[in-house]
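Chemist: Have a look at the structure that comes next, please.
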Amino acid sequence: MSIVDAIILGIVEGLTEFLPISSTGHLILASTLLGIKQTDFVKTFEIVIQLGAILSVVFLYFERLKKDFEMWKRVIFAFIPTGIVGFVLYKIIKHYFFNPHLVIYSLFVGGVLIIALEVYFKRKKPSGRIDQMGYKGAIVVGLFQSLASIPGTSRSASSIIGGMFAGLSRKEAVEFSFLLAIPTMFAATGYDIYKSGLHITPSEWHLIAIGFVVSFFSALIAVKGFIGFVSRYTLISFGVYRMIIAVLFFLIV
């Protein structure tokens, strides 16, 4: 992997982390197009730079994170299912799930489900707020998010849909997905560094640092734009995009 590759992957990560299109899936597909093999280091790189994008949420929501303890309790409850699944299935996920073919199928199926569920929610019209959601609802969101252990599924899409099933409005579900990403990705990154850190060379840490910083700044742009988008539109366009990109990559890969 070169410095240019690290910059490109950092941009891809930052722009896709909070959109319901799977940042991990796009990173795997982008790496395939760039001719980067899915080595243990590349898999670790793709996980760790996600933390850069997550820190953009900490930056943007710092005042709320500092004051809203009740919101934090809901976030922690929602994190529990994902934490358990990630810990138990870590080796299986990292060694068998990080491949472009699985990503393509997950992107396509996920796109179909997003469109179908948006049609369903059009009738239900959930309108709840995060501060109205109970802990049971938070766990429901966490269970949905745990489905994103499969690359291509999208942590963002899973948690947003879970939030809407828990009664949150689309905008509130998106914001809760942003907040839930904080403990989720800190845990995922920390655990992966614990498992892989001793095998990473100084030059590889340099590439990780570049991808990390680039993903932070590109994510700042994506978060602000996405909140404005979901305030006016559904997620159907993202479902269509997932299906199109899956077909294109199927033909290429």
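The values are calculated or read from the model by the stated rules, or taken from the named source; none is laboratory data. No experiment lies behind these values; they were computed from the predicted model shown. Glycine also receives a Cβ, built like all others from the backbone with ideal geometry; neighbour counts cover every protein chain displayed. We work out accessible area using only protein heavy atoms, side chains counted, and drop any ligands, DNA or RNA first. Shrake-Rupley method; radii C 1.70, N 1.55, O 1.52, S 1.80 Å.
Chemist: What is the residue count in the range 112-133 for residues that are of a type outside the set (Lys, Arg) and out of contact with any Gly (no Cβ under 9 Å at 6 or more places or on another chain)?
Modeler: Of the residues in that region, 4 qualify.
Chemist: Let me ask another. Counting just the residues of the range 233-253 that are out of contact with any His (no Cβ under 9 Å at 6 or more places or on another chain), in contact (Cβ under 8 Å) with a residue 12 or more places away in the chain and outside any helix (DSSP H, G or I), which one comes out nearest to Pro100 (Cα to Cα)?
Modeler: Leu235
Chemist: Within the range 105-146, how many residues are under 16 Å from the mean Cα position of the chain (by Cα) and not hydroxyl-bearing (Ser, Thr, Tyr)? Explain how you work it out, then say what you get.
Modeler: If we filter the range 105-146 for residues that are under 16 Å from the mean Cα position of the chain (by Cα), which is where we start, we get 106-107, 110-111, 114, 141-146.
Next, only the ones that are not hydroxyl-bearing (Ser, Thr, Tyr) stay: 107, 110-111, 114, 141-145.
Number of matching residues: 9.
Chemist: Report the residue count in the range 179-191 for those that are surrounded by 21 or more Cβ atoms within 10 Å (Cβ to Cβ) and of a type outside the set (Gly, Ala, Ser).
Modeler: 4
Chemist: Hey, can you tell me all the residues within the range 198-211 that are exposed (fewer than 15 other Cβ atoms within 10 Å of the Cβ), touching a Phe, Trp or Tyr at 6+ places or on another chain (Cβ under 9 Å) and in a helix (DSSP H, G or I)?
Modeler: Of everything in the range 198-211, just one residue is exposed (fewer than 15 other Cβ atoms within 10 Å of the Cβ), touching a Phe, Trp or Tyr at 6+ places or on another chain (Cβ under 9 Å) and in a helix (DSSP H, G or I), namely His199.
Chemist: Can you go through Phe217, Phe176 and tell me which one is in a helix (DSSP H, G or I) and open to solvent by less than 10 Å² (accessible area, probe 1.4 Å)?
Modeler: Phe176
Chemist: Give just the number: which of (1) more than 25 Å from Ile7 (Cα to Cα); (2) open to solvent by 30 Å² or more (accessible area, probe 1.4 Å); (3) under 18 Å from the mean Cα position of the chain (by Cα); (4) not aliphatic (A, V, I, L, M) does Gly239 not satisfy?
Modeler: (2)
Chemist: Do you know which of the residues in the range 1-53 that are of a type outside the set (Gly, Ala, Ser), part of a loop (DSSP other than H, G, I, E, B) and farther than 19 Å from Arg242 by Cβ is most open to solvent (accessible area, probe 1.4 Å)?
Modeler: Lys37
Chemist: Suppose we filter Tyr233, Tyr194 for residues that are open to solvent by 60 Å² or more (accessible area, probe 1.4 Å), of a type in the set (Phe, Trp, Tyr) and farther than 23 Å from Glu46 by Cβ; which single one remains?
Modeler: Every option except Tyr233 fails the conditions.
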